[in-house]
Amino acid sequence: MSYLECNDLKRTHRHFTLDLSFAMDKGELLCIIGPSGSGKSTLLSLIAGIDDTERGSIILDGEDITRTSIQKRRIGMVFQDFSLFPTMNVEQNIQYGMKNKTPEEKQKKTEELLELVGLKDYAKRKVLELSGGEAQRIALARAIAAEPRILLLDEPLSALDAPLRKRLREELRNIHCRTGLTMIYVTHDREEAFAIADRIMILRSGHIQAIGRSEELYNNPQSLFVANFTGEGSTLKMPRNQNIDEDSIAFIRPEDIIILPKGTEETNADSISLDAEVSGSEYNGSFYTVTLQTEYGEIRATSARRPEDDQVMLSIPKGKIKYLK
């Protein structure tokens, strides 16, 4: 039996309807990504008990919590705005959620959690003296202190600058590994999801478009939406073989395209060759993104160097071309 089961959940808000089912294992970190308005935060609200379902059930650790009050679900939440109590210091914030513990137990647990989030000397620090990254780590420690059965994180790093966000996501992954907590992490940042998730769920208009490990979703997308949402790629109206649906379009990742001098003879039967004209290039620090024009449309490829000539040949492994709708 799965640790969390969301069965046939439905919730309607005006012109939007969430309608989905999924399950996850104990100790798993599931990241949810999708466009704005796809239902990410709505789903968290249903699991937490902030909002009510119209249909379906939520089973947590064998218990049906669909109609259980938010106070009795034992579900932790961390938001992007930290939600710390400004009149309390760090220690008091962390201990706020601790129930049925002696003062000595609270003190010991607080020291352990501050060590866990890398802020062991911050117990007496005032909340208003914390940086954004420090405040978010204290919010995480407070949520863990309540010993939740599952921890929900709603874009917890989105208010932070990029370098700090990258560092904290690494720390978050480390905290997940050390605690073994079951986590659902909502983010709008695809790179963030790929870096920390055991599995990724992609939502669109309230429905699951795909769920799986990041490398599966990236390398073997089952639709154009999933392909484009998980990374860069070009769509071309290339000839299809008899087994390909006529409505399908060829999708190719930029790193799967090899740029060769024009006139190079293709000796690999498992690849196709296309003549192309270089129409632009962009240097990204460690590689170039080259824009090329072909008879089937525009294509973008990555290369260690900018092509010396404007007329080139492209070599593309047949197995890297995905025909999708």
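Under the classification rounded if a/c is under 1.5, otherwise prolate if a/b is larger than b/c and oblate if not, where does the stretch 30-89 fall, given a ≥ b ≥ c as square roots of the Cα gyration tensor eigenvalues? Here the stretch 30-89 falls in the oblate category.
As a test of the formula, what do you get for the chain when each DSSP H run with n ≥ 4 contributes -39,500 (n - 2.57) and the sum is divided by the residue count, at 222 nm and rounded to the nearest 500 deg cm²/dmol? Please report the intermediate quantities before stating the final value.
On the way: 8 runs with 81 residues, N = 325.
Estimated from H runs of four or more residues: -7500 deg cm²/dmol.
If you take all other residues with their beta carbon under 12 Å from the beta carbon of residue 311, and give Lys and Arg +1 and Asp and Glu -1, the sum is -4.
Under unit Cβ charges (Lys, Arg +1; Asp, Glu -1), what dipole magnitude, rounded to 20 debye, does the stretch 4-228 have relative to its Cα centre? Spell out each step's value before the answer.
Numbers: 32 positive and 33 negative charges, 75 e Å.
In total the dipole reaches around 360 debye.
Loop only per DSSP, at most 14 neighbouring Cβ atoms within 10 Å: give me the GluC sites (Glu not before Pro) in the stretch 2-82, ordered by residue number.
Details: sites: 5, 28, 54, 63; in loops: 28, 54.
For GluC sites (Glu not before Pro) across the stretch 2-82 that sit outside H, G, I, E and B with at most 14 neighbouring Cβ atoms in 10 Å, the list reads 54.
Take the Cα of residue 188, step 7 Å toward its Cβ, do the same at residue 266, and the gap between the two points is 4.1 nm.
Look at where the Cα atoms of the stretch 235-314 and of the stretch 133-207 average out, and the two centres are 37 Å apart.
Which of rounded, prolate, oblate describes the stretch 99-203, given a ≥ b ≥ c as roots of the alpha-carbon gyration tensor eigenvalues and a/c under 1.5 marking rounded, otherwise prolate only if a/b is larger than b/c? Numbers along the way, then the final one.
On the way: a/c = 2.29, a/b = 1.45, b/c = 1.58.
Oblate.
Ranked by how many other Cβ atoms sit within 10 Å of their own Cβ, fewest first, the residues 15, 176 fall in the order 15, 176. Residues whose amide H comes within less than 5 Å of that of residue 96, counting only those at least five positions distant or on another chain, are absent (H built at 1.01 Å from N in the peptide plane). Calculate, for residue 70 and residue 164, the FRET efficiency according to 1/(1 + (r/R0)^6) with r their C-beta to C-beta distance and R0 22 Å; round to the nearest 0.05. The value I calculate is 0.10.
Put a dot 7 Å past the Cα of residue 296, heading toward its Cβ, do the same for residue 207, and the two dots end up 2.8 nm apart.
Full extension of the segment from residue 124 to residue 147, taken as 0.36 nm per residue of separation minus the current Cα-Cα distance, would add 6.1 nm. In sequence order, the stretch 36-47 has phi-based couplings of 4, x, 7, x, 4, 5, 4, 4, 4, 4, 5, 5 Hz under the Karplus curve 6.51 cos²θ - 1.76 cosθ + 1.60, θ = phi - 60°, and Gly or Pro positions carry x.
Determine Rg/Rh for the stretch 233-324; Rg is computed over alpha-carbon atoms and Rh is the Kirkwood hydrodynamic estimate from the same atoms.
On the way: Rg = 13.1 Å, Rh = 13.5 Å.
Result: Rg/Rh = 0.97.
Please state the relative contact order of the chain as a whole percent: Cα pairs under 8 Å, 6+ residues apart? That works out to 17 percent.
With a ≥ b ≥ c taken as the square roots of the eigenvalues of the C-alpha gyration tensor of the stretch 180-260, please select rounded if a/c is under 1.5 and otherwise prolate if a/b is larger than b/c or oblate if it is not? The shape class here is prolate.
Remark: for residue pairs 101/124; 40/99; 237/320, the C-alpha separation exceeds 22 Å in 40/99.
In order along the stretch 112-118, phi translates into HN-Hα couplings of 5, 6, 5, 5, 4, 8, x Hz, rounded to whole numbers, per the Karplus curve 6.51 cos²θ - 1.76 cosθ + 1.60 with θ = phi - 60° and x for Gly and Pro.
FYI, it's all coordinate maths here, none of it is from the lab. Owing to the predicted nature of the structure, the values given are computational and were not obtained by experimental measurement. Using ideal geometry, Cβ is built from the backbone for each residue, glycine included, and neighbour counts are taken over all protein chains shown.
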